[in-house]
């Protein structure tokens, strides 16, 4: 009976893996077809492989420029929000500062505000500060969106850390920054990587804010640029799939390198 359960569990995992990977396979197989071959056989295997779609995307589209913009925005927004959130969560959990619980409740309340409700006031702010149509405008917006959830994430993890470790450091006279750097950060390494991956995926794939705030072709992020060109090449599916496949490669590389930490971070904090 146990052997049968293990076999069924493996079959279920294989089926889920196939379902999850099929969209990636469809993008790649479509990108490797010519337009004529795709019209004749949309879902078939690309027996006549061609890389002309990838060459056309890289030469005719400003794809590398959009990727660079997305990379800059993602790195800045995720780095700043993670740093601010770690310090805020440390103050909420381990300090005796007044109002720390109010700060935590406020961050939870901010998570309930949909980003679309902030578009108009943030747009007016960026226009008045002459930041509209520039990368700093979306960096500020994304950083503000990421901080509430990041604080919530770190607070719940820090509360699983034994207080004896921090109290012993306080007794030895260690300052707050030394405790954070030498005790808290090494313990929370896997969880930090997990949060960075999740936030990076959100910023990289975000479309609405980028479409509203970035209107020139040179300042667009990758998803905003692809959304614009999708309307121009709506009848050329292989070309669009080539661009879409290239757009997910950086996230795939990020997840592959951070997979070990990602799995550890998902299970961290489940018990002391």
Exercise. Using a ≥ b ≥ c from the Cα gyration tensor of segment 1-158 (square roots of the eigenvalues), is it rounded, prolate or oblate, where a/c under 1.5 gives rounded and otherwise the larger of a/b and b/c decides, a/b for prolate?
Worked result: oblate
For this session: Summarise the long-distance tail of P(r) for segment 164-225 by giving the % of C-alpha pairs beyond 17 Å.
Result: 60
Exercise. What is the fewest-to-most order of 134, 85, 17 by other Cβ atoms lying within 10 Å of their Cβ?
Worked result: 17, 134, 85
Problem set entry | Ratio Rg/Rh, restricted to segment 60-267 and using Cα atoms, in which Rh is the Kirkwood radius | 1.04
For this session: Obtain the nm distance between the two label points defined at residue 79 and residue 111 by a simple spin-label model: each point lies 7 Å from its Cα along the Cα-to-C-beta direction.
Result: 2.7
Exercise. What angle, in degrees between 0 and 90 and rounded to the nearest 10, separates the Cα long axis of helix 189-205 from the longest principal axis of the Cα atoms of the chain?
Worked result: 40
For this session: Using only Cα atoms, tell me the angle between helix 135-158 and the longest principal axis of the chain; keep it within 0 to 90° and round to the nearest 10.
Result: 50
Problem set entry | 222 nm mean residue ellipticity, helices alone, for the chain (DSSP H n ≥ 4; -39,500 (n - 2.57); rounded to 500) | -24500 deg cm²/dmol
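Test of understanding: ordering 170, 47, 123 by Cβ neighbours within 10 Å, fewest first, what list do you get?
On the way: 170 13, 47 9, 123 16.
Ordered from fewest to most neighbouring Cβ atoms within 10 Å, 170, 47, 123 come out as 47, 170, 123.
Sort 135, 214 by Cβ crowding within 10 Å, fewest neighbours at the top. Don't skip to the end; give the middle numbers.
Details: 135 20, 214 23.
By the 10 Å Cβ count, ascending, the order reads 135, 214.
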For this session: Whole Å is fine, so just give me how far the alpha carbon centre of segment 84-143 lies from that of segment 2-62.
Result: 39
For this session: Any chance you could give the angle, 0 to 90 degrees and rounded to 10, that helix 100-111 forms with the longest Cα principal axis of the chain?
Result: 20
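Values in this text are rule-based calculations from the coordinates and carry no lab data. Since we're looking at a predicted model, the values are computed, not measured. As a convention, Cβ positions derive from the backbone with ideal geometry for all residues, glycine included, and neighbour counts pool all protein chains shown.
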